[in-house]
Structures are given as structure tokens and as C-alpha cells.
Amino acid sequence: MNDIDMMKITGIARKAGEEILKIYDRDFSVEQKKDEGFEEGTSPLTEADKASNKVIVEGLKELYPEIPVLSEEGKDIPYEKRKGWKRFWLVDPLDGTKEFIKRNGEFTVNIALVQGDTPVLGVVYVPVKDTLYYGIQGKDGIKKVGRQDPEELKPDQSTDEKGDLTVVASRSHFTPETDKFVKDLREKNKGKEVKLVSAGSSVKLCLVAEGKADIYPRLGPTMEWDTAAAHAVVKSAGRNVYNF
């Protein structure tokens, strides 16, 4: 992956975030799009999703025209065309649209590079906090807040020296299965505190990456573009994402 300039990718994410914030700071309309990945059958779409998508797709195609782009807002590319892709960009231009609409700041810009079926590079940008998380296979993950110096996401970070656990769960998609998971975890860890916190979008996996949470159980519908970028960040921080 020596051909990929991480700083240029983070620059695209920041630029997309700037476009999102222009819309976030004013009135905007919300439409519903069909989405089989959601229980409701639809998910919200705003002009911020579209503006961010335009910045990212155009930026990636200009830098790396040989690498195809699959975005949540351009997912109608036929599978027959993309099934042979060896390497591609996987993008969620505005992860956490519900949080964007609620104006709670917990939404992100997600850009991942997938090789085969593995995310090998990931950038997650939180526009409201001007915070970047990024990682690439074989190197330590990084967190960068505003103009501050970058901070390594080290594998030995721990949320609690006493062995207590922090579980982070979806703010907008908290399911009965997740509730049961947390209750079972508390039952199995009697004598320890199992704290539950809520967050939106890829912020949850980034909290795991930086050691502020131990577990993020996702026991409901999700899509690859929701998790790929943060998956790469988590792995670069010495942690992992599992199917269970």
C-alpha cells in the first residue's frame, strides 16, 4: 500500500466534513430512501450525505483513478461488475445520518480501502469535534484532534485497571438482543462493574480503538460501509472485529 498517501485521504475526509458542517449549521430537508439493511425498510437521506459523497468520490477518483469506489450513496453498481474487484474504496459519506438530524454531533465520514474482503486502511472523521482516527495495515493507528499532535492508538491501552468493563452500544439502534447481551455480561462478571454507554455511528468502534470502551456488540442490521473504515482503525490499534 505504498502507493496510497494517507494524508491525502484524511484531507478528503476533512473536506467532506466541512461540506457536512455547512449544512449542519442551517435548516435542511430529510428524505427517506429504501434500505433493506434497516428494520424499517428505509433510512434517512439529507443533502449533506450527497454533498459529502460528491467530495469523496471525486477526490478518490482524481487521486487513484485505477481503484474503483463503492459508496453507500452509489451502491447500485451491479454485483456482477464489482465482484471481481481485487481492491476498492468503500465509503460511507455520512455515517450516523440519524445523529446528524438530531444534531448531537455523533456522525462521521468513513473511508476504507478494502483488499479482497479485508479493510486494510481506514479513515474515520468526526466533523463536529474535528477529530480524525486513521489506521493502515501493519502500522499503529492514530488519533488526531484539530491542530494537536497525532496520538498513537496503542494496544496496551485499557479502560479500567480493575478489570471492569465498558460496553458501548448504538444510540439509535439499541435492540433487545443488545440489552440481553449486556445483562448476560453482567451476570458472567459479578463483582465487576459493566458500564453501558451509548454513542452513534463509527464513534463506537473508535472508542474501542482508543481504549475508552472494551466491547461494541452489534446485534442488528449493519452494512459493510458502516464498519469497514473503523474496522481498519480498530485493527491498527491492536484490537479486532469478530463475527459471533
Wholly within region 149-244, strands (runs of 3 or more DSSP E) carrying at least 2 residues that are of a type in the set (Val, Ile, Thr) and either more than 23 Å from Val114 (Cα to Cα) or modelled with pLDDT of 90 or more (or both): 165-170, 194-199
Thr42 fails exactly one of the following numbered conditions: (1) in contact with a Phe, Trp or Tyr (Cβ under 8 Å, 6 or more places away or on another chain); (2) loosely packed, with under 15 Cβ neighbours inside 10 Å. What is the number of that condition? (1)
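Residue by residue, here is whether (1) exposed (fewer than 14 other Cβ atoms within 10 Å of the Cβ); (2) touching a Cys at 6+ places or on another chain (Cβ under 7 Å); (3) basic (Lys, Arg); (4) farther than 18 Å from Pro221 by Cα holds:
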{"position": "Pro68", "(1), (2), (3), (4)": "no, no, no, yes"}
{"position": "Arg82", "(1), (2), (3), (4)": "yes, no, yes, yes"}
{"position": "Val120", "(1), (2), (3), (4)": "no, no, no, yes"}
{"position": "Val124", "(1), (2), (3), (4)": "no, yes, no, yes"}
{"position": "Tyr134", "(1), (2), (3), (4)": "no, no, no, yes"}
Note: among Lys33, Lys15, just one is touching a Ser or Thr at 6+ places or on another chain (Cβ under 8 Å) and either surrounded by 13 or more Cβ atoms within 10 Å (Cβ to Cβ) or among the small types (Gly, Ala, Ser) (or both), namely Lys33
Of Ile67, Ile56, the only residue that is in contact with a strand residue (DSSP E or B) (Cβ under 8 Å, 6 or more places away or on another chain) and not in a helix (DSSP H, G or I) is Ile67
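The values are calculated or read from the model by the stated rules, or taken from the named source; none is laboratory data. Just so it is clear, the model here is predicted, and its values are computed rather than measured. With ideal geometry, Cβ positions are generated from the backbone for all residues, glycine too; neighbour counts draw on all protein chains shown.
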